[in-house]
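Participant: First the structure, then my questions, so here it is.
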Amino acid sequence: MPHTAGRHFLQIPGPSNVPDRILRAIDRPTIDHRGPEFQQLGLEVVSGMKRILNTAGAVVIYPSSGTGAWEAALMNTLSPNDKVLMYETGQFATLWKNLATRLGLQPEFIGGGWDGGVDAAAVEQRLREDKAHAIKALCVVHNETSTAVTSNIAEVRKAIDRAKHPALLMVDTISGLGSIEYRHDDWGVDVTIAGSQKGLMLPPGLAFNAISDKALAASKTAKMPRSYWSWEEMLGPIKNGYFPYTPATNLLYGLREAIAMLEEEGLDNVFRRHDRHAEATRRAVMTWGLDMPCKNETEYSSVLTAVRMPEGHSEIAFRKVVLDNFNMSLGSGLGKFTDKVFRIGHLGDFNDLTLMGALAGVEMGLALAKVPHHKGGVDAAMASLTENEIKSIT
Ligand SMILES: *Cc1c(COP(=O)(O)O)cnc(C)c1O
C-alpha cells in the first residue's frame, strides 16, 4: 500500500480511535502478573470499572473480545436446555441468540423489525405468560450497533418486576459503555457484558462482566460447563488484584488510562459530548434527505448513526469511494442490512472537528458515488454544533 498522508479516519462504530495518551500508556514493558506492581494495577482497574459500570458488585475482566463475555454470562448462570428470552433488536442480538443456541440453551426470540429498541410491554406480556418460570434469563442489547438504536434498560427492568418474574436480566452494553449512561446496580441488571474497543477507547482485547449477587448465587447451582470463563476461578484472585491466568497486562495499562481520561472529563460531560455529536450527525443526514432505520426519536443512539442508502445504491460501493478518496473507514451494513445501510461511528476520543471531517467525507463521498442527496448536510451539522455550544458540567 502506498503511503497516505494524514491520519486515517476510523469512523466505524468500534473499534474506535485510540487516543495517544492510551497508546503511550500501553507502550511499556510487560511486568510479572504475579508480582506486587501488577497487584496495584489489577486493584485499580477493577475498582475503576466498578465506577464506570455504576456497580458495587463483582466485576471480572477477560482477555477476549466482547463475544467471550457474552458466552461467559450464559455459561456461568445457566444449565443445559434452559430457556432464555432474547429480543431481536438487530444483528448483534441475533448473533448472541445464535451463540446461545450453539451452547445448548433454548433461546426464544421476540421478533423485531430492526427499527427500534426493546419493547418493554412485549417483554412483560411474554414473562406474564410464563407462569411456570421456565424462562431463566432475559437477554437484551443496550446499544444495538447494527441499527443505531438504544434501548431503555430501566424500563425493561420495570417490565420484569411488574410481571413478578425471577428471570435474570443480562444486558450487552459492549458499544454503549463509556459513551452513553449505564447503571448496572440502579437498573437492576444481573449480568452486564462490555468490551474495550468502543466507548472505552482501547484496542480490542478486553471484555467485562459485572455480576449481581443474584447472578452470583445462580452461578453456584448452574450446570453449564465452564473453565476459562468461570467467574469463581476469577473472583478469588481478583479480590487481591490478580487473575487466574495471564491477563492482557498492557491493555490493562491502557484501561487504567482510559478510566482516568473518562473521569477527568466527567462521565456526564462525556455523555453530553456524544449526544451533541449524534444530534449534529442526524441533522446532516436529514438534510441529505437520507433515512435512518430507527423510527423512534427517543431511541436514537448517541454512539453512532445508521444511514439507509437510497433504493438501488450500494453501501459497499459508497464506502469504497470514501475509503479510496478520503482515507476514512465507515461502518458496513450488517446482517440483513448488508449493502443497504452504512454507519457513522461518533464515539470515544472524538471532538467537533473530527465530526466535521467525518461528515465532510460522507458528503463528498455521496457526490462522488453519485448517490442522490441534497447538499448542505455539513452546514446543518455545523449549525447544530454552534447552537448547542459546549457546556461543561463541573
Ligand atoms: C461490537 C459488538 C459486539 C461484539 O463484540 P466483539 O468484541 O466483536 O466480540 C457485541 N455486541 C454489540 C452491541 C457490539 O457493538
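A short reminder: the numbers here are calculations on the coordinates, not readings from a lab. From a predicted model like this one, the values you see are computed outputs, not experimental measurements. Glycine gets a Cβ as well: all are built from the backbone with ideal geometry, and neighbour counts include every protein chain shown.
Participant: What aspartates and glutamates sit close enough to Lys295 to cross-link, taking a C-alpha to C-alpha distance under 12 Å and skipping anything fewer than 8 places away on the same chain?
Facilitator: Asp115
Participant: Taking the Cα atoms of region 69-184 alone, what are Rg (to one decimal) and Dmax (as a whole number) in Å?
Facilitator: Using the Cα atoms of region 69-184, the pair Rg, Dmax is 13.1, 38 Å.
Participant: Lys375: which aspartates and glutamates have alpha carbons under 17 Å from its alpha carbon, excluding same-chain residues fewer than 8 sequence positions away?
Facilitator: Within reach: Asp291, Glu363.
Participant: I need the phi-derived Karplus couplings for region 294-299: 6.51 cos²θ - 1.76 cosθ + 1.60, θ = phi - 60°, integer Hz, Gly and Pro marked x.
Facilitator: 5, 9, 10, 4, 6, 10
Participant: Just name one of His165, Phe318, Gln11: the one whose Cα is farthest towards the positive end of the charge dipole of the chain (beta-carbon charges, Lys/Arg +1, Asp/Glu -1).
Facilitator: Farthest towards the positive pole: His165.
Participant: Let me ask something additional. Taking the alpha-carbon distance from Lys50 and a cut-off under 22 Å, which lysines remain once sequence neighbours fewer than 8 residues away in the same chain are dropped?
Facilitator: Lys198, Lys214, Lys239
Participant: Taking amide H positions as placed in the peptide plane 1.01 Å from N, state which residues far from Leu304 in sequence (5 or more) or on other chains have amide H under 5 Å from it.
Facilitator: When sequence neighbours closer than 5 places are left aside, the close amide H contacts are His346.
Participant: Here is a follow-up. Which one, Val341, Ser301, Gly365, is farthest towards the positive end of the dipole of the chain when Lys and Arg carry +1 and Asp and Glu -1 on their Cβ?
Facilitator: Farthest along the dipole direction, towards plus: Val341.
Participant: Taking Cα atoms, how many degrees apart are the long axis of helix 315-326 and the longest axis of the chain, rounded to 10 and kept between 0 and 90?
Facilitator: In the chain, helix 315-326 runs at an angle near 70 degrees to the longest axis.
Participant: Using alpha carbons only, how many degrees (0 to 90, rounded to 10) separate the axis of helix 36-53 from the longest principal axis of the chain?
Facilitator: So the helix axis and the longest Cα principal axis differ by about 70 degrees.
Participant: I would also like to ask the following. What is the chain's relative contact order, in percent, from Cα pairs under 8 angstrom and six or more apart in sequence?
Facilitator: 23 percent
Participant: Sequence gap at least 6, Cα distance under 8 Å: using those rules, report the relative contact order of region 287-394 to the nearest whole percent. Write down the numbers at each step before the final one.
Facilitator: Numbers: 128 pairs, mean separation 31.6, N = 108.
Relative CO of region 287-394 lands at 29 percent.
Participant: Between rounded, prolate and oblate, where does region 20-263 land on the alpha carbon gyration tensor, with a ≥ b ≥ c its root eigenvalues, rounded for a/c under 1.5, else prolate if a/b exceeds b/c?
Facilitator: Since a/c reaches 1.5 and a/b is larger than b/c, the shape of region 20-263 is classed as prolate.
Participant: In addition: I'd like the orientation of helix 120-129 relative to the chain: the angle between its Cα long axis and the longest Cα principal axis, in ° from 0 to 90, rounded to 10.
Facilitator: That helix lies at roughly 30 degrees to the long axis.
Participant: So if I place +1 on the C-beta of Lys and Arg and -1 on the C-beta of Asp and Glu, and nothing else carries charge, what would the dipole magnitude of the chain be about its Cα centre? I want it in debye, nearest 20. All intermediate terms of the calculation are to be shown ahead of the outcome.
Facilitator: Details: 41 positive and 45 negative charges, 141 e Å.
Using only the charged Cβ atoms, the result is roughly 680 debye.
Participant: Another question, then. Which of the listed residues, His184, Leu127, Met201, is farthest toward the dipole's positive end in the chain, when Lys, Arg count +1 and Asp, Glu count -1 at the beta-carbon?
Facilitator: Towards the positive end, the residue furthest out is Leu127.
Participant: May I pose another question? So what's the back-of-envelope 222 nm ellipticity for the chain, counting only DSSP H runs of four-plus at -39500 (n - 2.57) apiece and dividing by all residues, rounded to 500?
Facilitator: Roughly -13500 deg cm²/dmol at 222 nm, from the helical runs in the chain.
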